[in-house]
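What follows is a set of notes on a single structure, which appears directly below.
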Amino acid sequence: MSKSAVETFSTTEDLVQAAAVRFVAEVVEAQRLRGSASVVLTGGGTGIGLLEWVRRAPGDIDWSQLDIFWGDERFLPHGDPERNELQARRALLDHVPVDPSRVHPVEASDGEYVDPVEAAGMYSAAVHAHLAQHGAFDLHLLGMGGEGHINSLFPHSDATREAHELVVAVTDSPKPPAVRVTLTLPAIRRARHVVLIVAGEAKAAAVAAALNGASPLDIPAAGALGSESTTWLLDDTAAADLTN
């Protein structure tokens, strides 16, 4: 696994724009090398903000040769504005010529699988099929919470302890809604490049802990490692507790 690199930016806007530039560059390079690319999206203000930047400046991405996954999803009905899928579609996917068959959302709670464990199983099947064909995700984007959570992997949770399954259901998330489907740390480590995008003073302590060797059980973000690169993109406030 890769060592972590850190890049800091004076404003959140600069951070989000840099994340969007990184998104485009990684996708274009993966398509150059392998003909297609895959990305795992994240939600939240920075995650959706970078998609809006990509919409305005997509570079040379071949949208027909891009697979889209999500790191986690709130297990809510279709059309619920809190679903990461809907937010990503509004920010980017509805405005670019993606192949619908290569967009892989988590099943909604009012879909065919109303049991989150079954929905996680279906999503796991899609993830495994992709990895069997392509070997890895090319890019996994991650936000981080103030306590260090990534995707729906919270400190000292069963999902964070998971060492084998790539996708699990979460039924007791401390952050509402309680029921979610998430990729696990083993799934994150199946990405060639992991990029964490973190803004805000409230996250500075967790950033420093993650980068200074905290246990992933305490700070799940500490376990987010790409096989080729791991990059933390931080605004100055999120980087405030780091020492030079």
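The values are calculated or read from the model by the stated rules, or taken from the named source; none is laboratory data. Just so you know, these numbers come straight off a predicted model, no measurement behind them. So basically every Cβ, Gly included, is an ideal-geometry build from the backbone, and we count neighbours across all protein chains shown.
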Subject >> Subset of segment 152-202 [over 18 Å from the mean Cα position of the chain (by Cα), small (G, A, S) and under 12 Å from P216 (Cβ atoms)] >> reply: S157, A163
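Need at least 3 residues that are in contact (Cβ under 8 Å) with a residue 60 or more places away in the chain per element, so show me which strands (runs of 3 or more DSSP E) inside segment 120-230 make the cut, counting only ones lying wholly within it. Walk me through how you get there before you give the answer.
On the way: elements: 137-142, 167-170, 180-183, 191-198.
Of the strands (runs of 3 or more DSSP E) lying wholly inside segment 120-230, those with at least 3 residues that are in contact (Cβ under 8 Å) with a residue 60 or more places away in the chain span 137-142, 180-183, 191-198.
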Original post:
Restricting the first residue to segment 78-102 and requiring it to be at positive phi, which pairs with a second residue that is at pLDDT 95 or above and buried (at least 16 other Cβ atoms within 10 Å of the Cβ) meet a Cβ separation below 7 Å and a spacing of at least six or different chains?
Top reply: G79/L86
Subject >> Complete set of residues in segment 36-56 that are over 14 Å from L196 (Cβ atoms) and part of a helix (DSSP H, G or I) >> reply: G45, I48, G49, L51, E52, W53, V54, R55, R56
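Given the criterion polar (S, T, N, Q), in contact with a strand residue (DSSP E or B) (Cβ under 8 Å, 6 or more places away or on another chain) and over 30 Å from V114 (Cβ atoms), identify the matching residue among S173, S227.
On the way: S173 fails: over 30 Å from V114 (Cβ atoms).
The unique qualifying residue is S227.
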**OP:** Go through (1) aliphatic (A, V, I, L, M); (2) assigned to a helix (DSSP H, G or I); (3) surrounded by fewer than 16 Cβ atoms within 10 Å (Cβ to Cβ) one by one and return the number of the condition V114 breaks.
**Re:** (2)
**OP:** Return the only residue of L33, L15 being part of a helix (DSSP H, G or I), farther than 28 Å from D172 by Cα and in contact with a strand residue (DSSP E or B) (Cβ under 6 Å, 6 or more places away or on another chain).
**Re:** L15
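Looking only at segment 1-44, which residues are in contact (Cβ under 8 Å) with a residue 40 or more places away in the chain, small (G, A, S) and exposed (fewer than 14 other Cβ atoms within 10 Å of the Cβ)? Steps first, answer last, please.
In the first step, residues of segment 1-44 are kept if they are in contact (Cβ under 8 Å) with a residue 40 or more places away in the chain; the result is 1-12, 14-16, 18-19, 22-23, 26-27, 30, 34, 36-44.
If we keep only those that are small (G, A, S) too, we end up with 2, 4-5, 10, 18-19, 30, 36-38, 43-44.
Selection gives A5, S10.
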